[in-house]
1. When a/c is below 1.5 the answer is rounded, else prolate if a/b is larger than b/c, else oblate, so apply that to the stretch 33-186 with a ≥ b ≥ c taken from the square roots of the Cα gyration tensor eigenvalues.
2. Determine the shape class of the stretch 119-223: with a ≥ b ≥ c the square roots of the Cα gyration tensor eigenvalues, call it rounded for a/c under 1.5, and otherwise prolate if a/b is greater than b/c, oblate otherwise.
3. Count charges around Ile166 for me, please; just the other residues with Cβ under 12 Å from its Cβ, Lys/Arg as +1, Asp/Glu as -1.
4. With θ set to phi - 60° and the Karplus curve 6.51 cos²θ - 1.76 cosθ + 1.60, what are the ³J(HN,Hα) couplings of the stretch 64-76 in order, to the nearest whole Hz, using x for Gly and Pro?
5. If you filter the stretch 179-232 for trypsin sites (Lys or Arg not before Pro), then keep DSSP loop positions with at most 16 other Cβ within 10 Å, what is left?
6. May I ask you to list the trypsin sites (Lys or Arg not before Pro) in the stretch 128-177 that are in a DSSP loop and have at most 14 other Cβ atoms within 10 Å of their Cβ?
7. Would you mind checking Lys81/Lys181; Lys112/Lys190; Lys55/Lys179 for any pair whose Cα atoms are more than 31 angstrom apart?
8. Can you list residues whose amide H is under 5 Å from Ala201's amide H, if they're 5+ apart or on another chain and H is modeled 1.01 Å from N?
Amino acid sequence: MLSSQQRSSFIFALVMCVICGFLLTSASVGLKSKQEKNVLIDKQKNILKSLGFVKENISYSSSEIEKMYTENVITLFVDEKGQLQTFEKESSKPIYIVGNSDEILSYAIPFKAYGLWSWIYGYVAFDADATTVKGLTVYQHAETPGLGGEVEKAWFQNQFIGKKIIDTFGNFVSVGIVKGKASEKVNNDKLPNYVDGISGATITSVGVDKYLKETLLEYENFASEVRKGYAL
């Protein structure tokens with residue numbers, strides 16, 4: 001049998017466990033809505049960045065991001081035929097449009113690519129011609145700092161700006177990533193479709209190249225329809 005002192009210690013420990021558990025649960029519940037809001041704001045910030053609204057080295061408050069997003073971007077969905085929908089279906093994919101469904105000024109889509117160690121998440125945006133890259137951003141990865149981790153750096157992302165996802169014959173080709181310098185590896189007529197790879201991170205570069213193309217193909221029915229109505 002437990003002594004009186006042992007029973008008291010046991011009861012005290014039990015009560016403290018219950019109290020601590022209650023406090024932790026309350027804190028988790030209380031912070032959940034704030035955490036969800038922060039995730040949403042970060043998503044909006046990265047979409048805006050790919051679209052050119054958010055600039056490097058400028059700090060924005062959550063309210064500024066939310067206001068900028070609400071005033072400039074609408075969320076729609078693209079079905080398997082490339083048609084815009086106002087609601088999400090099982091096979092539809094999200095698209096973030098500046099303008100409206102009748103007059104698209106620019107748009108962004110999400111992408112993910114597997115590098116050396118992790119999935120790389122980001123957004124890529126296009127001008128109204130559905131051909132020219134307006135911006136690309138990476139917001140989450142676990143690649144090696146200084147190597148594959150360079151996917152998050154401005155020098156890598158900014159070189160996508162102005163690149164084309166169709167060739168001079170109008171065929172879809174995506175934006176390829178070469179090993180080394182594109183200017184040294186690719187003919188001049190194909191340079192608009194390629195960017196430099198990351199030195200010492202071939203697997204990361206190959207992964208982004210592969211999965212970015214796969215993602216763009218999923219939206220190609222939509223993009224081709226936009227091109228038909230745009231004077232290239």
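Read-outs: derived from the displayed coordinates by stated rules, not from any lab. On a predicted model such as this, the values are computed, not experimentally measured, just so you know. Note that we place each Cβ from the backbone using ideal geometry, even for glycine, and neighbour counts take in every protein chain shown.
1. It comes out oblate by the Cα gyration axes.
2. Oblate, because a/c is 1.5 or more while a/b does not exceed b/c.
3. +1
4. Going residue by residue, I get 5, 4, 4, 5, 4, 5, 4, 7, 10, 10, 10, 9, 10 Hz, with x marking Gly and Pro.
5. Those that pass, being in a loop and sparsely packed, are Lys179, Lys181.
6. Passing sites in the stretch 128-177 are Lys153.
7. Lys81/Lys181
8. Excluding prolines and chain starts, which carry no amide H, there are no hits.
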